[in-house]
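Peer 1: Here you go, one structure.
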Amino acid sequence: MMVGRQVRLIALASLIATAAYCSYQVIRIGTPQCTLAFLNVGQGKCILIIAPNGNTLMVDAGTQPYGQLGVGERCAKQQILPTLLRMGVRRLHVIAVTHPDKDHCNAVPILVRELRPLLFWLPVGDSSELDWQAVRAAVQEKNIRTIVAQLGQRLWLDARHKVFVEVLGPPDGMVVKVSDWSPNDASTVFKVRFGRITALLTGDIGATGQRWLLQSGADLRATILDVPHHGSKHNLETFLVAVRPKVAVISAGRQNPFGHPALETVAVLRRMGATIWVTGEQGSLLIRTNGQG
Ligand SMILES: [Zn+2]
């Protein structure tokens, strides 16, 4: 088991090392900085991490169609790609999708074709939905290396500046749609660490996934929380209290028909003194940190 995990770590590290050949350079002034961007993609999620060395990881890229066709493609072309260009990002190194729902993946095919990631980090869940099948087809067409998320995996984005991403969930061997585990609960949960600053990225996990994380013994405390499931009412107070974020980001569309974010979830975060940012109301959020504050 340990050997297998070591091999996986080495494989990821060598992939990232080859990324040094990439053409773009993120402008950095003074001390090393890590950037986290929570893009406003309407009712969906799209999170980008840029390590001090310029390596990039995108977690999710999709939006809810509201019955319109091709909305994922529009989101990629009109929102995500122009934003990345403005940020100086012309290549993604890794794309991860937390689970195969359209609002997390329907912009991915365009991004895969335009930005040719070196690695695609798959969720444990699968889906026969067309949007997800389009993602799989694009990844195959471009011959992108894939790896399935597994508890305990660690991806070093920048070894020199100690920026890494760790998989905290779901549990090993979990079968989606069996017992209490819904596809949402099977979302990959990532923890990003840079110095003293941490970010917990949670996909759409609900009560079952959150309860499991609480019992798993993982260190859930995080400076920045990507609030699960667009801030829905399926968030446990015990989970939010365990994370105790300073910044809580809710990716939810303006006046969405799902009631996101739920008042009770916002109230818990507010009681804890977290700064709350709702992408659909306030727009994209860019966080820059030197790993200390
Ligand atoms: Zn979602």
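Peer 1: I need the fraction of alpha carbon pairs in the chain separated by more than 33 Å, rounded to a whole percent. Write down the numbers at each step before the final one.
Peer 2: On the way: 6100 of 42778 pairs.
Summing the P(r) of the chain above 33 Å gives 14 percent of all pairs.
Peer 1: Note the count of lysine pairs whose C-alpha atoms are less than 19 angstrom apart in the chain, limited to pairs 8 or more residues apart or on different chains.
Peer 2: Counting lysine pairs in the chain gives 9.
Peer 1: Neighbour counts of other C-beta atoms within 10 Å: give me M58, M272 arranged from fewest to most.
Peer 2: On the way: M58 27, M272 16.
The order, fewest Cβ neighbours first, is M272, M58.
Peer 1: Sort 256-267, 226-237 for me by packing, meaning the mean count of neighbouring Cβ atoms within 10 Å per residue, highest on top. List each step's numbers first, then the result.
Peer 2: On the way: 256-267: 16.1, 226-237: 23.3.
The packing order, highest mean first, is 226-237, 256-267.
Peer 1: Ok, one more. Sort C105, C46 so that the residue with the fewest other Cβ atoms within 10 Å of its own Cβ comes first and the one with the most comes last.
Peer 2: Taking fewest neighbouring Cβ atoms as first place, the list is C105, C46.
Peer 1: I'd like the distance between the alpha-carbon centres of the stretch 147-168 and the stretch 182-246, rounded to an integer number of Å.
Peer 2: 17
Peer 1: Also, I was wondering about something else. Just check the stretch 97-230 against the gyration tensor rule for me: Cα atoms, a ≥ b ≥ c as the square roots of the eigenvalues, rounded for a/c under 1.5, and otherwise prolate or oblate depending on whether a/b exceeds b/c.
Peer 2: Values: a/c = 1.91, a/b = 1.15, b/c = 1.66.
Oblate, since a/c reaches 1.5 and b/c is not below a/b.
Peer 1: Another question, if that's okay. Can you list the DSSP H helices in the chain whose Cα atoms extend at least 27 Å along the helix axis and whose mean Kyte-Doolittle hydropathy is 0.0 or higher?
Peer 2: Passing helices, by number: none.
Peer 1: Further, regarding this structure: Please report L269, L240 as a ranked list, fewest other C-beta atoms within 10 angstrom at the top and most at the bottom.
Peer 2: Final ranking by Cβ density, sparse to dense: L240, L269.
Values quoted throughout were computed directly from the atomic coordinates according to the rules given, and no laboratory measurement underlies them. As the structure is a computational prediction, the values presented were derived from the model and not from experiment. When we count neighbours, we look across all protein chains shown, and the Cβ atoms used for this are built from the backbone with ideal geometry, even at glycine.
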